[in-house]
Amino acid sequence: MPQAAVAERPSVGARKQPAGSDFTPLLRTVKEQGLLDRRVGWYTRTIALNALALVAVGAGMFIVGASWWVLLLAPVLSVLCARTAFIGHDAGHAQITGNRPISRAIGLVHGNLLLGMSSAWWNDKHNRHHANPNHVDKDPDVAADVLVWTRGQATVRVGFRRWLTRNQAWLFFPLTLLQGIAMKVYGFQDLRRQAPRERVVEGALLLTHLAGYVTLLLAAMPLSRAIAFAAIHQALFGLHLGLAFAPNHKGMEMPDPDGERWGHLRRQVLTSRNIRGGPLTDWFLGGLNYQIEHHLFPSMPRPHLRLVQPVVREHCNAVGMSYTEAGFVDSYRQVLRHMYEVGEPLRVE
C-alpha cells in the first residue's frame, strides 16, 4: 500500500474538509473487515497468563526473600504490573467485552486491587483526553502541572515550578520514576469526586491493595529488603508507564482553543504519534505504539491495531493528511526537544 508522508511536527493538512467527512469511509472499511470485533479468547489468555506470572513472582519472593537476590524480582514485577495496567486500560475502553459490568469488574481487579490505581479516576481522566487530545483547555494530559507543554503555560510559572520548567527536559525521566506512586495518590484524591456507592467499592479495593502489598513484602522478606524492593518496583513501574505514555502526543499538533473545531480524523491523527517496531515493541508498549489507530478506534481490540494500521495509513495518504511515525528512541528525542523548547524562554531571562 502507498505510504503516507511522515513528519515530526505535522501541519494541519493540505486541505480542509467538513467535520467527520473523511472518517466515515474509513470507519465503514474497518467495520467491513471485522476489525472492531472483540477478541475474547485473546484477552482471556492474556489475563490468565498475566495472573499466573504474578503468582509465580509472588511465590519467588517467598522462596528467595531471605537473600538480597530477591531484588532481581522487582524489575520483573514492574513489567508485569505494566501488563496489568494495559489490561485495565483496555477494559476501560470496552475492548475486551461489550458487557459494561464485566468491563468494570476487570478494570477494578486490574486497576484498584492489583495495582492500587483507581479505575474510576483513570477512566474519567482518560476519556476526557480521548475526546480532545492535546487541547490545552480540555485535555487533562496537557494541563499545567509538574510539567508544562506550551510556552503560554511556562511564562506564568513562579518559584520552584519555574525552576522545574526551565529544566523539565532533563528532569523528565527522573520524574517518571515517581509516576506509579503519583497515580496511586491521584486515585485516593479522586474518591471525593465519586458517587457514594462507587467511592465505597473503589476505596475498599484501594485499601485492600495497599494492605496486601505491605503484607506480602513484610511476610516474604526482612524490612530492609522490603523497602528496597518496593522502591525499585515502584520506580521502574512508573518509568515503564512513562515510556509507554510519553511519546504518544507530546510535541504533536495542539488545536487552537479559539479556532475551528476539528473533525474526528483530524483531531485524532494530527495530535498522535506512532512508534515503529515489531512484536517486542507491541508487547512492551501494550499496543499504545499504535496511538493513531487507538485514538481513531478506542474500542478496537489491541491485537487488531497492528492489522488496521496499513488501512489507516493509506486512508490518511488518500485525503492528504499527515501520518506521523517515529522510531522508539527518536520518539523520546522529539518529546524531550519539545519540552526543552517550551522551557527555553525561562532560560534566557
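The values are calculated or read from the model by the stated rules, or taken from the named source; none is laboratory data. Since the structure is predicted, the reported quantities are computational estimates derived from the model, not experimental observations. Because the Cβ atoms are built from the backbone with ideal geometry, glycine has one as well, and the counts that use them run over all protein chains shown. To get the accessible areas, we keep the full protein, side chains included, count just its heavy atoms, and leave off ligands, DNA and RNA. Shrake-Rupley method; radii C 1.70, N 1.55, O 1.52, S 1.80 Å.
Summary table below
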{"quantity": "Output for the range 291-310, where each listed residue is assigned to a helix (DSSP H, G or I) and open to solvent by 20 Å² or more (accessible area, probe 1.4 Å)", "calculated": "ARG302, PRO303, ARG306, LEU307, GLN309, PRO310"}
{"quantity": "Residue check, LEU35 among the hydrophobic types (A, V, I, L, M, F, W, C), touching a Pro at 6+ places or on another chain (Cβ under 9 Å), open to solvent by less than 50 Å² (accessible area, probe 1.4 Å) and at pLDDT 95 or above", "calculated": "yes"}
{"quantity": "Some residue of the range 185-192 being open to solvent by less than 60 Å² (accessible area, probe 1.4 Å), touching a Cys at 6+ places or on another chain (Cβ under 7 Å) and not aliphatic (A, V, I, L, M)", "calculated": "no"}
{"quantity": "Conditions (1) out of contact with any His (no Cβ under 8 Å at 6 or more places or on another chain); (2) part of a loop (DSSP other than H, G, I, E, B); (3) touching a residue at least 40 places away in the same chain (Cβ under 8 Å): number failed by ASN134", "calculated": "(1)"}
{"quantity": "Enumeration of residues in the range 338-349 that are outside any loop (DSSP other than H, G, I, E, B) and over 20 Å from the mean Cα position of the chain (by Cα)", "calculated": "TYR340, GLU341, VAL342, GLY343, GLU344, PRO345, LEU346, ARG347"}
{"quantity": "Count of the range 62-100 residues which are open to solvent by 40 Å² or more (accessible area, probe 1.4 Å), under 15 Å from PRO298 (Cα atoms) and aromatic (Phe, Trp, Tyr)", "calculated": "0"}
{"quantity": "Criterion: assigned to a helix (DSSP H, G or I) and closer than 30 Å to VAL40 by Cβ - qualifying residue of LEU243, LEU236, LEU288", "calculated": "LEU243"}
{"quantity": "Flag for SER118 being surrounded by 19 or more Cβ atoms within 10 Å (Cβ to Cβ) and among the polar types (S, T, N, Q)", "calculated": "yes"}
